[in-house]
Amino acid sequence: MITAHGIQSYAWLLVAIPAASALILLTLGRAADKWGHLLGALVPVGLFVYAVFLFFSVKGQSNRKVDLHMFSWIPVARFRVDAGLLLDPLALVFVLLITGVGSLIHIYAVGYMAHDPGRRRFFGYFNLFVAAMLLLVLADNYLAVYVGWEGVGLASYLLIGYYYTRPSAATAGNKAFFANRVGDVGLSIAIMLMFAYFGTTSFAGVFGHFGHGGNATTGVATAIALMLLLGACGKSGQFPLQTWLPDAMEGPTPVSALIHAATMVTAGVYLIARSAPVFDATSAARTVVTIVGAITLLYGCINGAGQDDLKRVLANSTVSQIGYMFLAVGLGPGVYAIGIVHLLGHGFFKAALFLSAGSVMHAMNDRIDMRRFGGLWRVMPITFFVFVCGYLAIIGFPFATGFWTKDKIIEAAFDKGGTSGYLLGIIALVGAGLTAFYMTRALVMTFLGKRRWEPDVHPHECGPVMWLPMAVLAVLSLVGGWLLIFGGGVQEWLTPSVGPSVEAGVHTVSKPVLTAITLVVVALGIAGAWVAFGTRTIPEEQPQNVTVVTRASRRNLYADAFNEAVLMRPGQWFSRALVFFDNRGVDGVVNGLSASFGGGSSRFRRLQSGFVRSYALSMLGGTVAVIAVLLAVRFQ
Amino acid sequence: MTHSYALLALVLIPLVGSLIVFALPRGQAAAAKQVSLVFSLAALVYAIVLAARFKTGGPRFQYGTSWTWIRDFGVHIALGVDGIALVLLLMSAVLVPAVMLASWNALDSRAGAEEAVEAPRRRSAKTFFALLLLLEFFMLGVFTATDVFLFYVFFEAMLVPMYFIIGSFGGPRRQYAAMKFFLYSLVGGLLMLASVIGLYVTTGSRTFAITQLIGHVPGGATQKWLFLGFFIAFAIKAPLVPFHTWLPDAGAEAPAGGAALLVGVLDKVGTFGFIRYCLPLFPQASRYFAPLVLILSVIGILYAAFLAIGQRDMKRLVAYTSVAHFGFIGLGIFAFTTQGGTGAVLYMVNHGLSTGALFLLLGLLIARGKSRNVNDYGGTAKVTPVLAGLFLMAGLSSLALPGMSTFVSEFLVLVGAFTRHKALAIIATTGIILAAIYVLYLYQRAFQGTVRERVTKFRDLNPREVLAVAPLIALILFFGIYPKPLLNIINPAVKATLSDVHQQDPIPPLNATVAGGSK
């Protein structure tokens, strides 16, 4: 590790500038309404330019771990936490993703939010989001990560509940925050474990206890890793804390793009990849990570297939794609980088998909029911093109982004070997087929087929402020994956942070065969969706005589119903019962005691209306007696 | 002992102010308010000067002074501050002017009709402001006293102005609440008096000076009984579950400014008492009773949080959240680690600012809506965005959002407790979920959702009201990013206290072999 110098010593501005901008936009109030959105959009663009220079500055040196110490944050005896940044390969790819894709989404939002009276407030929250996310990936110790971590949670709470006068939006914001807080308990306990056992919370300090010469026991590693995983599940919408993520669609569409593509949900993957030395030391915890990933990726796929709300389809696809990333980072040494590569590729195509969904929504008077879309390709050709690019990328169409990044995860799962390897591989493969199915369904229902528009909508293509960023993302969806893995690319770059990328010497299933199988499965998914939705008329109302699977899928596999029945309602009853107990029980006993002491409740009531002195006197008398006894005992 | 008049001067500023305001002729409400504000600001400025000149590496008690008061019993008017007292002193001095600004028109039906809470009939704003200054005098006194008897006197005297603030200026059930508050405190105070006298008798050192009593209290059963006298008094004051039931009533019925001081400062005297008196004077008994206190604290964190979630009365709700927060403070103090103790003291400061701001903002909201029931509001953020924004910030500080000073203190408490009592700390950590629920659920019901008819006429905060609360929020944010100045003041005092209890921080079992690991 070397100390930051030159341009690197200004890296703290990456956090300070968007934070300051957010503060300005949110405190100036209406005075900033005229130019607030411009400032808000300019900030990430400027940060991106700086980040590119920073990237090359670090790339140019042999030691690519740069430490930027700022000040001593919390020094209390042995507990010493510094405010410091770590500029290493892992942090820098995230910085580029956050500021790069983030900038495109910000620019798009200038157009998307043009008619919203709260646009300045919106950009304030947006900048806060960027600041928090950058702190999360740049911090050099777990406690500072926690600050960014919660800042992201706060920004998402504010943005999901942006239309706060809608009860559903306010509730969705709360739901997101509560799920995140459950995860925070995990992160908190992980940090406490680190301090209790190692006496430090810095990356360098903690990781020093792992690997060669480390003295951390497997038990400690597993405990820390599982607690970190709980935190990651909350932030990334993974099973069993996934239900907040689809509800997060209550916010304006650019929010969804920012949460799903550039920030927030990728934080969990980041945390696990960052903690690679800890996870390397515990195969038990890694197995749990792969199981969480596998369950979530199937859950997301199945849910995505039953939704009629385009944004909810995409939200569930995020749940599922993050499941792939968890699966990858759970596979452990050598595969972390593949998870990160898929994360970056996903950032491109998911942003493209969400922004084109937003464009559709914009054109359809903010309606998002795919049953009332159809035939939009003709009136919105650019949006259609962008969506198709994102579509090809996510299903893993040959040479589009997902083809390079997702297929590697499927491959790595099989290469794990043994029964578990086959099981995970097959789940990942089935997921690929289901992804092709539900994405084709969404594509067909939205853009192809007959027009099922409501009579008052007159769709039109969006303006250049919106379609230009979309177009950039479309191109990245097509070629981004290839760029990322070209010549070892990102995987090699990440080696100093997460260890070298190892390709198994002997593949369980040989590469060409697996690619062929994957393509066949994907083709089956497409064909299935085409037969079911492309060749038939889509009913404008949701059909009710459907299979059990569809019914369950529409209701998020009853996960919400479960939470409500098992957590929410009993919690409310419990709370009410305690209130009753506290008023009648604890307080009642005390009141009752004092009443009987004073000779009946009527007496107490009289005391309440002003007989303080007599009461105080009687009390004083008692105390004097106590003191007298004490003195007597003493002087005997 | 070298004499310093600094603390005496500081303590007398509000007393003089209070006497002047009391002496003003009737009907001089405006002058009374202005004079009060000037005196409270003067005390604040002077407190800041003293804090800036406090030597963090210096002696434990600074600005010490002592005059004989009752020669026959060795009672002295002895003042002095350690780091713990100093930060609480500062917090009190910050809160009083904020309360004054926020309550400016709250009792004056002519000056601002929509701000006047229903309470005042005959009582005047003059009396209210004079009582606030009198209260400040006692609060500053209780933190600066280094003579146990003098502390007791201030401890009891604090009740009087607060009793009148609640009983005369409070809500519909103010008399019941004031009486309950008074009786609970009185019982605790008298138990403490017994212990104070017992302390004098059993040590036989014929003095009440705390520095001379530390280490001289006999052990065994005597120490346990003496400890309990102090402890119960402080536990009622703090309040620790199950001694808490007076607080929701008092907090709800007190005028908002009174509630802010009651929960923000007066209750801190309880937790201050734990760390200043219980631990150093009765180390053996403190260790003996620590498991019990820790368990009560953790129960309090969860129990009070559930109660807060179930409340509809917004002020009761915030009062219950405070009970939960006091659980954290108790946990930090009786964990006997530097992190826990420092965290607990910082928690006291932060909680004063955070809950003080919450009560003041609730007062401003309730003055507009004339109801404490949260279900009477809805969509208020649309009408009063500034009030809503500040309220959300105060609420987030209450749930200890990382980046705010409340997080620093809460995490220090938890991490300090964790190194000694893992299970208790883990249970306490789940309290952060409940904290998010009670804060955001309150915010949702009051400020979000469909805009209710009755809130559409609400006026947003005026500059004076913003000025009352915004500095509190700014301090919370500043010390969240840079808590070091406060930690440097608190830390040595906590270390000294822990060495009084003969406790050392546990050493991380795996730390030894890796050099330079704790960067």
Inset, instruction - Within the range A:404-428, count every residue that is open to solvent by 20 Å² or more (accessible area, probe 1.4 Å), of a type in the set (A, V, I, L, M, F, W, C) and under 25 Å from the mean Cα position of the chain (by Cα). - result: 2
Legend entry - helices (runs of 4 or more DSSP H) completely within the range A:371-479 that count 1 or more residues being touching a helix residue (DSSP H, G or I) at 6+ places or on another chain (Cβ under 7 Å), closer than 17 Å to A:Met361 by Cβ and of a type in the set (S, T, N, Q): A:381-395, A:418-447
Inset, instruction - State whether one or more residues within the range A:217-234 are touching a residue at least 12 places away in the same chain (Cβ under 8 Å) and not in a helix (DSSP H, G or I). - result: no
Legend entry - Test set (1) facing chain A (nearest Cβ under 9 Å); (2) under 30 Å from B:Val293 (Cβ atoms) - B:Gln448 fails condition number: (2)
Inset, instruction - Report whether or not A:Leu258 is more than 10 Å from chain B (Cβ to nearest Cβ), at pLDDT 85 or above and open to solvent by 10 Å² or more (accessible area, probe 1.4 Å). - result: no
Legend entry - From A:Gly293, A:Gly339, A:Gly358, residue being buried (at least 24 other Cβ atoms within 10 Å of the Cβ) and over 25 Å from A:Ser553 (Cβ atoms): A:Gly339
Inset, instruction - Name the one entry in A:Val95, A:Val182 that is open to solvent by 10 Å² or more (accessible area, probe 1.4 Å) and either more than 8 Å from chain B (Cβ to nearest Cβ) or not in a loop (DSSP other than H, G, I, E, B) (or both). - result: A:Val182
Inset, instruction - Report whether or not B:Ile490 is over 30 Å from B:Ile309 (Cβ atoms) and open to solvent by less than 10 Å² (accessible area, probe 1.4 Å). - result: yes
Inset, instruction - Could you list, in sequence order, all residues of the range B:75-103 that are within 27 Å of B:Ser409 (Cα to Cα) and of a type outside the set (A, V, I, L, M, F, W, C)? - result: B:Gly80, B:Asp82, B:Gly83, B:Ser92, B:Pro97
Inset, instruction - Could you grab me the full set of residues in the range B:390-405 that are in contact with a Pro (Cβ under 7 Å, 6 or more places away or on another chain) and within 10 Å of chain A (Cβ to nearest Cβ)? - result: none
Inset, instruction - Would you check if B:Arg445 is more than 22 Å from the chain's Cα centre (by Cα), in a helix (DSSP H, G or I) and surrounded by fewer than 22 Cβ atoms within 10 Å (Cβ to Cβ)? - result: yes
Inset, instruction - Would you mention how many residues in the range B:406-430 are more than 8 Å from chain A (Cβ to nearest Cβ) and surrounded by fewer than 24 Cβ atoms within 10 Å (Cβ to Cβ)? - result: 5
Inset, instruction - With the condition kept exactly as written, say whether any residue in the range A:232-241 is open to solvent by 10 Å² or more (accessible area, probe 1.4 Å) and of a type in the set (D, E, K, R). - result: no
Inset, instruction - Inspect the range B:63-75 for any residue being over 15 Å from B:Asp147 (Cβ atoms) and surrounded by 14 or more Cβ atoms within 10 Å (Cβ to Cβ) and give the result as yes or no. - result: no
Inset, instruction - Tell me, please, whether a residue that is surrounded by fewer than 11 Cβ atoms within 10 Å (Cβ to Cβ), modelled with pLDDT of 65 or more and not in a helix (DSSP H, G or I) can be found in the range A:546-564. - result: yes
Legend entry - Cβ pairs under 9 Å, 6+ apart, first in the range B:383-406 and closer than 18 Å to A:Gly173 by Cβ, second basic (Lys, Arg): B:Pro385/A:Arg121; B:Ala388/B:Lys382; B:Leu399/A:Arg181
Inset, instruction - Can you confirm whether the range B:355-365 contains a residue that is at the interface with chain A (Cβ under 10 Å from one of its Cβ atoms), open to solvent by 10 Å² or more (accessible area, probe 1.4 Å) and part of a helix (DSSP H, G or I)? - result: no
Inset, instruction - For B:Ser4, work out the one condition from (1) assigned to a loop (DSSP other than H, G, I, E, B); (2) exposed (fewer than 15 other Cβ atoms within 10 Å of the Cβ); (3) among the small types (Gly, Ala, Ser) it doesn't fulfil. - result: (2)
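The values are calculated or read from the model by the stated rules, or taken from the named source; none is laboratory data. Computed from a prediction, not measured in an experiment: that's the story for all the values here. Cβ: placed from backbone, ideal geometry, glycine included. Neighbour counts: every protein chain shown. What goes into the accessible areas is simple: the full protein's heavy atoms, side chains included, and nothing from ligands, DNA or RNA. Shrake-Rupley method; radii C 1.70, N 1.55, O 1.52, S 1.80 Å.
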